[in-house]
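Shown next, in C-alpha cells, is the structure this report addresses.
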Amino acid sequence: MGDKQAVEEAESTSGRDRLKRDFEILSVEKLAKSFGGLRAVSDFDLELKAGELVGLIGPNGAGKTTVFNLLTGFYKPTSGVIRFAGYDVHGMPPHRITEYGMARTFQNIRLFGDMTVEDNVKVGFHHRTCYGIADALLRRRAFRDSEAEVAQKTGELLDLFSLADKRGEPARSLPYGEQRRLEIARAMAAGPRLLLLDEPVAGMNRSESRDLMALLRRLRVEFDLTMLLIEHDIKFVMDICERIVVLDGGEIIASGSPAEICSNPAVIEAYLGSGGSTPGGGGMNASR
Amino acid sequence: MDFFLEQLGNGLSKGSIFALIAVGYTMVYGVIRLINFAHGEFVMVAAFAGYFCLGALPPSAMPMQGYWALGASMALATACAVLTAGVLAVAVERAAYRPIRKAGRIAALLTAIGVSLFLQNFGIQVVGASDRAFMQERQLPRRVSALSLYKPGDIPPADIYVLHEWPDAATDLEIAFRAGEAIKPEDLADLQSQGVHMVFSLCPMTDGLKRWIIISALAACCLFLHCLVRYTAFGRSMRAVSYDIEGAQFMGVNVNRVISLTFFIGAAIGGLGGVLLALFYNTLDPLMGLIPGLKAFIAAVLGGIGSVPGALLGGLLLGVVEDLVVAYGHFELGSTKFNLTTYRDAVAYTVLITILLLRPQGILGRERAQKL
C-alpha cells in the first residue's frame, strides 16, 4: 500500500492545491503500439499541463481510442514512456492507473446495466473504500464509516449530474443522454485528476451537447480537472478545447490551438483528401 | 402427511447441500464465465479437512460436555474445512486458471476437468480409495450417569457403556447393557464387583438434528451472501466484474482480487456443503465430490447460472424432486404397478429438461444479449 500513500502525498503536494498550475500531469514520449504487423499508433508524444482541456481528433481508425487504451493501461505499449502525475505508469494494470487519478468514459457506453444508477457510481469509489469482508461481516466501524462516506459522496455526485431522482433505477433503463452523464459521474467517483472522454457527445442532439459542455466546464473548475477528449463533433471540439491534437494513421499530424488546426493544410488533407474545404467549413460540419 | 413432511425435510436437506455447492459454480461462472468442474473436488477436500480436524479435536477434547462439545468440535471442523476449500480454490485459480484466462473458454473448461481429475487421484493417493465414516460412534456426545441409577429389569432406550475414568478419553466402547434388553441382575452385580460406578449413553446424531443443522446452515449462507453482494464494496465490484470485466478495471476495480475472492467465497460455501454432505451420509471418500458436484452444477443451470438466488433455488428444487420421486415412486395405475424409484435421476432430470425447455436461461437467469 506504499504506492497509495505516495499517490496521496503527490495529490496533496503537487496536484490538488494548484501550487504549480503548469505542473505537467501527463507526459507521453514516443509511444507506439502494433498489433501483429499493424502499427496502430507510432511516435506519439503528448504533454498535458494540469488543468488543460485538450481534444484528440482524427478520422476513423486514426488510433484515438488506441491511445486511450494505452494511457489507461488496457493495452501494453510496444514502446515508449508514459509518465502520469510524476509516476512511470508504463505496463501498470488499469486499476492501478485509476488509483493514480486517471478515469475514462467509453465510446460505446459501458455502464453496468444490471446495477442501479447509485451502485454504478459507488463502483467508481471502489479503490477509495478500505475495509475487508471481515469488517463488513461484523459491521465494524471501518465498514459503516466507509459505506456512509461513499453513500454521501455518491449522493453529491448524483445531484451534480442531475441524476439523483433516478438513483434506484437500473442503469440500462436510463435514456441515452443520461447514460452518458452517468458514465462521467461514475468516472468522477474515482477522484480523477485526468479525465479521458471518448466521444462524450456522440449521438446527442445540439441542446444536449450544449448542456454537457457546460457541465464539463463546471467539472473542470470545481474538481481542478485536466481533460483529454476524443470527439468527432468538430464544433464541440473547437468550442471547448484549448488545444487540439490531430491523429491520422496512428501518428500526430498536427497540434495547436483550434484556429491553427482549422487552417492546417495537413489536417484538411487528412479529413477530406486533397482539394477539400477547411474543417471549419462545410466538409467537417457535415458530420453533425 | 407426516410421511410427506418427513420426505420434504429429507429432500430439503439434500437440496440445501446441492444449493451450497451450486453457489460456488454460479459465482465463479458469474465473474469469469468458467464452469469450474474442479468445484466438486474442492468440496471433497473440504470434507476431508473437516474429518481430520474432527479426528484431531474430537468432542471429548472439548472443555464442554454433551451436545455442546459436539457443537464446538463440529464448528472447529467446519471452520477448518471452509478455510481449506477457500485457500485451495484461490491457489488453483492462481496456478491453473489465471495463466490461461485469456486463452478461451474451451481451454479453461479442459483445465478445470484436469484439475478435477488431479484432485481425485491425489486424494486416492493420499487417503486411499476406500470410504470412511465421517463421525465415529465414539465421537458422539455422551450422557453420563451413575450405575446405581439402573435397576434390574430396566430397559435402556440406547446402548449403555462403561465409563472407566472421568473424563473418559476416547477409549474403545465397552458395552454394559444393550438397548431394548432388560438389565439382568447378574450383569449389574458383575459390573459393581469390577468397581464400575459410572456409565454413559451416546446422544445420537439423529436425522432430524442433521436436517436442522443443514437447513439452518443454508439459511445463514443465504443471508450472508445477500448482504455481501448487495451492501458491500466487494459485492458491488463483483457485480461490476460480472457485467463487464474489462470496464470494471477502468473504475479502479482490481479484477484479479475480485476473482480470487469470488473463488474463495464460492469454495468456502462449497466446503461447508462438503462437511454437511459427509455428515448427512456419514461417509466420505476421494470421489465423493463427483456426483454431488455434478448435481450442484445442474442445480446452478436450473436456477440460472450466474444467479446466486437461482443456484439456491435450483439446489432445493432438485433435492426435493429427487426425494419425492423416491418417496412416491411406487404406485398402481389400474392393474399395472409402477416403480419409479430406480429411475430417480431420470425423473428428476426430465423435470429439469422440461424447465429448461420452457426457460432456457434457468428459473432466475437473465437473458444476456449477445454482444455483436
Quiz item: For the range B:56-68, does any single residue satisfy the condition of being touching a residue at least 24 places away in the same chain (Cβ under 8 Å), touching a Phe, Trp or Tyr at 6+ places or on another chain (Cβ under 7 Å) and assigned by TED's automatic domain parsing to the domain that holds residue B:245?
Solution: no
Exercise. Could you identify the single residue in A:99, A:52 that is acidic (Asp, Glu) and over 30 Å from residue B:259 (Cβ atoms)?
Key: A:52
Exercise. Residue by residue through the range B:336-372, note down the ones that are modelled with pLDDT under 80, over 24 Å from residue B:244 (Cβ atoms) and assigned to a loop (DSSP other than H, G, I, E, B).
Key: B:340
Quiz item: What single numbered condition from (1) facing chain B (nearest Cβ under 7 Å); (2) modelled with pLDDT of 90 or more; (3) farther than 30 Å from residue B:365 by Cβ fails to hold for residue A:152?
Solution: (1)
Exercise. Among the candidates A:69, A:60, single out the residue that is in the same structural domain as residue A:221 (by TED's automatic domain parsing), among the polar types (S, T, N, Q) and loosely packed, with under 14 Cβ neighbours inside 10 Å.
Key: A:60
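Residue-by-condition table, conditions (1) assigned to a helix (DSSP H, G or I); (2) at pLDDT below 95; (3) small (Gly, Ala, Ser):
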residue: B:7; (1), (2), (3): yes, yes, no
residue: B:43; (1), (2), (3): yes, no, no
residue: B:54; (1), (2), (3): yes, yes, no
residue: B:63; (1), (2), (3): no, yes, no
residue: B:70; (1), (2), (3): yes, yes, no
residue: B:91; (1), (2), (3): yes, no, yes
residue: B:101; (1), (2), (3): yes, yes, no
Quiz item: Going by the structure shown, is residue A:189 within 14 Å of another protein chain (Cβ to nearest Cβ) and either within 20 Å of residue A:224 (Cα to Cα) or hydroxyl-bearing (Ser, Thr, Tyr) (or both)?
Solution: yes
Quiz item: If residue B:339 satisfies every condition in (1) outside the structural domain of residue B:36 (by TED's automatic domain parsing); (2) of a type in the set (S, T, N, Q); (3) within 22 Å of the chain's Cα centre (by Cα) but one, which is the exception?
Solution: (3)
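If you check A:220, A:139, A:186, which single one turns out to be touching a Gly at 6+ places or on another chain (Cβ under 9 Å), outside the structural domain of residue A:87 (by TED's automatic domain parsing) and of a type outside the set (Ser, Thr, Tyr)?
Testing whether each residue is touching a Gly at 6+ places or on another chain (Cβ under 9 Å), outside the structural domain of residue A:87 (by TED's automatic domain parsing) and of a type outside the set (Ser, Thr, Tyr) leaves just A:186.
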Quiz item: When you look at residue A:159, is it surrounded by fewer than 17 Cβ atoms within 10 Å (Cβ to Cβ), free of Cβ contacts under 8 Å to residues at least 12 places away in the same chain and within 26 Å of residue A:217 (Cα to Cα), yes or no?
Solution: yes
Exercise. Quickly run through the range A:86-99 and pick out the residues that are buried (at least 24 other Cβ atoms within 10 Å of the Cβ) and more than 7 Å from chain B (Cβ to nearest Cβ).
Key: A:97
Quiz item: Looking at (1) among the aliphatic types (A, V, I, L, M); (2) surrounded by 20 or more Cβ atoms within 10 Å (Cβ to Cβ); (3) more than 9 Å from chain B (Cβ to nearest Cβ), can you tell me which one residue A:111 breaks?
Solution: (3)
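Mind telling me which of the residues A:248, A:233, A:198 ends up being within 20 Å of residue A:63 (Cα to Cα), in contact (Cβ under 8 Å) with a residue 24 or more places away in the chain, among the charged types (D, E, K, R) and within 14 Å of chain B (Cβ to nearest Cβ)?
So the residue among A:248, A:233, A:198 that is within 20 Å of residue A:63 (Cα to Cα), in contact (Cβ under 8 Å) with a residue 24 or more places away in the chain, among the charged types (D, E, K, R) and within 14 Å of chain B (Cβ to nearest Cβ) is A:198.
The values are calculated or read from the model by the stated rules, or taken from the named source; none is laboratory data. Please read all numbers here as calculations on a predicted model, not as lab measurements. Using ideal geometry, Cβ is built from the backbone for each residue, glycine included, and neighbour counts are taken over all protein chains shown.
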